[in-house]
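The values are calculated or read from the model by the stated rules, or taken from the named source; none is laboratory data. Here the structure is a predicted model, which is why all the values come from computation and not from measurement. Using ideal geometry, Cβ is built from the backbone for each residue, glycine included, and neighbour counts are taken over all protein chains shown. Heavy atoms of the whole protein, side chains included, go into the accessibility calculation; ligands, DNA and RNA do not. Shrake-Rupley method; radii C 1.70, N 1.55, O 1.52, S 1.80 Å.
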Amino acid sequence: MPPSRGGDVLTMPLSRCNVVELLLCHWDVVLWMCTRITTVINRHGTFDDMKSHLLGTLPWIKLMLLVLVSSAIGHAETKSHTRHPHTGSAHHRSIRADSRTNLSYEYSSNSPKPEFIQMYSKQNDKLMLECAVNINFSTSIWLKDGQIVQTILKDNTNNKRVIGHRFLVDASGNLFIDNVRLEDDGKWQCEAEDAFGFVVTGRPVQLTILDAPKKAYLMIDNRILDPGNPFIPVKENADLTVACVVDEGNPKPSLSWELNLGSLALLDAPEVPLDVLNITETIRDQKVGARNDARLARVQRAHHNATLTCYVHHIALEQPLNASVLLNVQYTPSFAISREPGFGFPIREGMPVSLKCDVDANPKALPIWQKDDSSPPVQQTPDGFLNFTEIRREHSGWYKCIARHRLGKFSSIGYFLNVRCTSGCWTRVEAGTGRLEPMGASQELRLDKVLYQEAGEYRCVSPSRDLTRRLDSLRNALSVQLIVTGRPLVTPSNKTITAVYGQPLTLTMEFCANPPYNKVFWIAKNKVYIPGDADKTVIAYGITNSSDPNCHQAVLFLTKVTTLDIGEYTFIVRSPNGLAEGNFHVNMTYASGYNVQDVKSACVTHQHFAAIYVNVIILLLINCYSRLN
């Protein structure tokens, strides 16, 4: 085979038959060259008889060369310095020119290229890289990232340390690095050459010099947060993005985020949606260090006092680093008005009554009571109470609670306080006891927006001074029987409840119907439960009567709340006058100290079944309606 030229380097594939061909296959050329030499010698008249002797010894020379070449090749194949039997040999490789010797070596196209060896080292340590090649080489070099590294021979006999040199090699080609530095990070590879010009490369070594990150810091809008101030002020419904940055570390550290709500956030606010813990993480590419951005698409008041923490993980760290911040969410006031005695109980003159206003806002806002847009008739306490020791008729009117906040002035809805007179002829006969309850002094008794609970017997008696002592004895006076009829009424009609994971939950519906109901049932978990039904997770108790006439109570009991129990529970009652329904919307939270394993997966599962749930509810309602008819 004639030699070929590749670029500026003369390349000739070398193998066992190539070497033999140079001596045997082209023996005629060798013989011709020897003849030409003797001819030249003869022309000068010297060594005339050497020609015959040379020609006579040529067969022996031929045999000797053949034995020597075969022995050398076999010896090179069997002797090895490597401890890795899977490294490639020097033969049958794809051609690659060597810039130092102008020779070529080959990689086999059938066998995969050798994988690199991953090594880690701390700074200032001593390190040895093995030159694992499969030939008996005479010279070797080391390359880092493709560049030749200047090395000197290690004196193993005298065990002397060469001052001023960090890269030493021994007789086996192994590289010793003294006082490892960050600049030694990279890809290292050994190249070895034997006496016949064969050049092979050892298995690449990817050397990573460990450099642990020292700290992480947080940024908002490219401004570094003060580590001494743990709070971030942010407005409700705003979009918040916090960046966690590490400027050092080799290899690059990995960053992750965690959001922990305040200990009472979910329990204090049962309307908190399940997506309150959702965080969107975005990894930003950096040449040095690492960055990860955490985004809350909509900050909610449940995020107030929540802790947002960035964790830094690195192979050189025993414990991850962290940087955290508390969310100080500014949100507008919301109001909660309560009354003692409770709503639904009639207020009569002379009774003690208290109105309470609670304001939830950040920053905090004080409640201010108003009656008919002016000051209330009694003085308000600092904690939001209006206390009436003995309420009077003139105290009736519209009451509301206002609050002044840095985001503006806010007001609750109005509440009408109706105070009834306690003297007069109209009384109500209490069911069961027969006692007379005074209702008013007018000859006319007017009930606005009558309720089922106000049904019963009313009597008008003649007023007198000792009326209070004689009310129980006046049973023969004029009496009126009040009967309330109409469509069924379900209470509550719509309510949201937050259950605790793993705990039981009781759903109670009160309903009234006159004419009496003829059908009632629950719709839960895409299944219809009639009072008295039960399975492993749901019990529908039988209907019980309440103290008010024509009113009843239905109870649905969940034995153990899980993520599958999140959703809507519907109670439907039917009477000859129509249908009525009430709904519970059940959310779920976790008890304090509970380890939330996969909230996001639960949310995804809940959303996956949402569409199916709606369709099944529609089909169930159609089926139930047909059953009722």
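Sort out which residues of the range 192-208 are open to solvent by 10 Å² or more (accessible area, probe 1.4 Å) and assigned to a strand (DSSP E or B), and write them in order of number.
Hits for the range 192-208 are Glu193, Thr201, Gln206, Thr208.
Output the number of the condition that Val234 fails; it satisfies all remaining conditions of (1) touching a Lys or Arg at 6+ places or on another chain (Cβ under 9 Å); (2) in a strand (DSSP E or B).
If we test Val234 against (1) touching a Lys or Arg at 6+ places or on another chain (Cβ under 9 Å); (2) in a strand (DSSP E or B), just (1) comes out false.
What is the one condition in (1) closer than 29 Å to Val450 by Cβ; (2) out of contact with any helix residue (DSSP H, G or I) (no Cβ under 9 Å at 6 or more places or on another chain) that Ala534 does not satisfy?
Checking Ala534 against (1) closer than 29 Å to Val450 by Cβ; (2) out of contact with any helix residue (DSSP H, G or I) (no Cβ under 9 Å at 6 or more places or on another chain), the one that fails is (1).
Give just the number: which of (1) more than 23 Å from the chain's Cα centre (by Cα); (2) modelled with pLDDT of 90 or more; (3) more than 20 Å from Val169 (Cβ to Cβ) does Pro227 not satisfy?
Of (1) more than 23 Å from the chain's Cα centre (by Cα); (2) modelled with pLDDT of 90 or more; (3) more than 20 Å from Val169 (Cβ to Cβ), only one is false for Pro227: (2).
Do we find a residue being of a type in the set (A, V, I, L, M), touching a residue at least 60 places away in the same chain (Cβ under 8 Å) and open to solvent by less than 10 Å² (accessible area, probe 1.4 Å) anywhere in the range 537-548?
For the range 537-548, residues of a type in the set (A, V, I, L, M), touching a residue at least 60 places away in the same chain (Cβ under 8 Å) and open to solvent by less than 10 Å² (accessible area, probe 1.4 Å): absent.
Based on this model, can you work out whether Asp293 counts as modelled with pLDDT of 90 or more and open to solvent by less than 40 Å² (accessible area, probe 1.4 Å)?
When the stated conditions are applied, Asp293 passes them.
Yes or no: Asp211 open to solvent by 20 Å² or more (accessible area, probe 1.4 Å) and closer than 21 Å to Gly289 by Cα?
Yes; evaluated as a whole, the condition is true for this residue.
Only one of (1) buried (at least 16 other Cβ atoms within 10 Å of the Cβ); (2) free of Cβ contacts under 8 Å to residues at least 24 places away in the same chain fails for Ala243. Which number is that?
Status for Ala243: all satisfied but (2).
Testing Ala591 on (1) modelled with pLDDT of 90 or more; (2) open to solvent by less than 70 Å² (accessible area, probe 1.4 Å); (3) under 34 Å from the mean Cα position of the chain (by Cα), one condition comes back false. Which one is that?
Result: Ala591 passes all but (1).
Quick check on my filter: what residues within the range 186-229 are farther than 30 Å from Leu327 by Cβ and polar (S, T, N, Q)?
Gln189, Thr201, Gln206, Thr208 - these are the residues of the range 186-229 that are farther than 30 Å from Leu327 by Cβ and polar (S, T, N, Q).
When you look at Lys215, is it of a type in the set (D, E, K, R) and either more than 44 Å from the chain's Cα centre (by Cα) or not in a strand (DSSP E or B) (or both), yes or no? Spell out the reasoning first.
Values: of a type in the set (D, E, K, R): yes; either more than 44 Å from the chain's Cα centre (by Cα) or not in a strand (DSSP E or B) (or both): yes.
Considered against the rule, which asks whether it is of a type in the set (D, E, K, R) and either more than 44 Å from the chain's Cα centre (by Cα) or not in a strand (DSSP E or B) (or both), Lys215 comes out as yes.
For the range 573-590, which positions are closer than 19 Å to Thr496 by Cβ and touching a Phe, Trp or Tyr at 6+ places or on another chain (Cβ under 9 Å)? Spell out how you get there, then give the answer.
Step one: of the range 573-590, the residues closer than 19 Å to Thr496 by Cβ are 581-590.
Listed by number, the residues that qualify are Glu581, Gly582, Asn583, Phe584, His585, Val586, Met588, Thr589, Tyr590.
Farther than 15 Å from Pro363 by Cα and either open to solvent by 40 Å² or more (accessible area, probe 1.4 Å) or not basic (Lys, Arg) (or both): is that true of His313 in this structure? Please lay out each step first, then the result.
On the way: farther than 15 Å from Pro363 by Cα: yes; either open to solvent by 40 Å² or more (accessible area, probe 1.4 Å) or not basic (Lys, Arg) (or both): yes.
For His313, the condition - farther than 15 Å from Pro363 by Cα and either open to solvent by 40 Å² or more (accessible area, probe 1.4 Å) or not basic (Lys, Arg) (or both) - is met.
Among the residues in the range 609-622, are any at pLDDT 85 or above, surrounded by fewer than 16 Cβ atoms within 10 Å (Cβ to Cβ), out of contact with any strand residue (DSSP E or B) (no Cβ under 6 Å at 6 or more places or on another chain) and part of a loop (DSSP other than H, G, I, E, B)?
no
Please count how many residues of the range 332-354 are in a strand (DSSP E or B) and under 44 Å from the mean Cα position of the chain (by Cα).
Matching residues across the range 332-354 total 8.
Restricting attention to the range 318-329, does a residue exist that is under 18 Å from Leu386 (Cβ atoms), touching a residue at least 40 places away in the same chain (Cβ under 8 Å) and assigned to a strand (DSSP E or B)?
Within the range 318-329, none of the residues are under 18 Å from Leu386 (Cβ atoms), touching a residue at least 40 places away in the same chain (Cβ under 8 Å) and assigned to a strand (DSSP E or B).
Among what's in the range 218-234 and is surrounded by 15 or more Cβ atoms within 10 Å (Cβ to Cβ) and in contact (Cβ under 8 Å) with a residue 60 or more places away in the chain, pick the residue that is nearest to Ile315 (Cα to Cα).
Going through the qualifying residues, I end up with Leu218.
Restricting attention to the range 113-140, report how many residues are out of contact with any helix residue (DSSP H, G or I) (no Cβ under 9 Å at 6 or more places or on another chain), in a loop (DSSP other than H, G, I, E, B) and open to solvent by 40 Å² or more (accessible area, probe 1.4 Å).
Qualifying residue count for the region: 9.
Return the residues of the range 171-210 that are among the charged types (D, E, K, R) and at pLDDT 90 or above; say none if nothing qualifies.
Answer for the range 171-210, where residues must be among the charged types (D, E, K, R) and at pLDDT 90 or above: Arg181, Glu183, Asp184, Asp185, Lys187, Glu191.
Among (1) open to solvent by 30 Å² or more (accessible area, probe 1.4 Å); (2) in contact with a Ser or Thr (Cβ under 9 Å, 6 or more places away or on another chain), there is one condition Glu248 misses while meeting the rest; what is its number?
Glu248 satisfies all of (1) open to solvent by 30 Å² or more (accessible area, probe 1.4 Å); (2) in contact with a Ser or Thr (Cβ under 9 Å, 6 or more places away or on another chain) except (2).
Among the numbered criteria (1) touching a strand residue (DSSP E or B) at 6+ places or on another chain (Cβ under 7 Å); (2) surrounded by fewer than 17 Cβ atoms within 10 Å (Cβ to Cβ); (3) charged (D, E, K, R), which single criterion is violated by Lys287?
(1)
Return only the number of the condition from (1) in a strand (DSSP E or B); (2) modelled with pLDDT under 95 that Tyr311 does not satisfy.
Tyr311 satisfies all of (1) in a strand (DSSP E or B); (2) modelled with pLDDT under 95 except (2).
I need the full set of residues from the range 380-429 which are surrounded by 18 or more Cβ atoms within 10 Å (Cβ to Cβ) and in a loop (DSSP other than H, G, I, E, B), in order please.
Once the filter is applied, which keeps residues that are surrounded by 18 or more Cβ atoms within 10 Å (Cβ to Cβ) and in a loop (DSSP other than H, G, I, E, B), the range 380-429 yields Gly384, Ile391, Ser412, Gly424, Cys425.
If you go through the range 372-393 one residue at a time, do you hit one that is at pLDDT 85 or above and aromatic (Phe, Trp, Tyr)?
yes
List pairs: first in the range 401-422 and at positive phi, second assigned to a strand (DSSP E or B), Cβ under 8 Å, 6+ apart or cross-chain?
The qualifying pairs are Gly408/Thr332.
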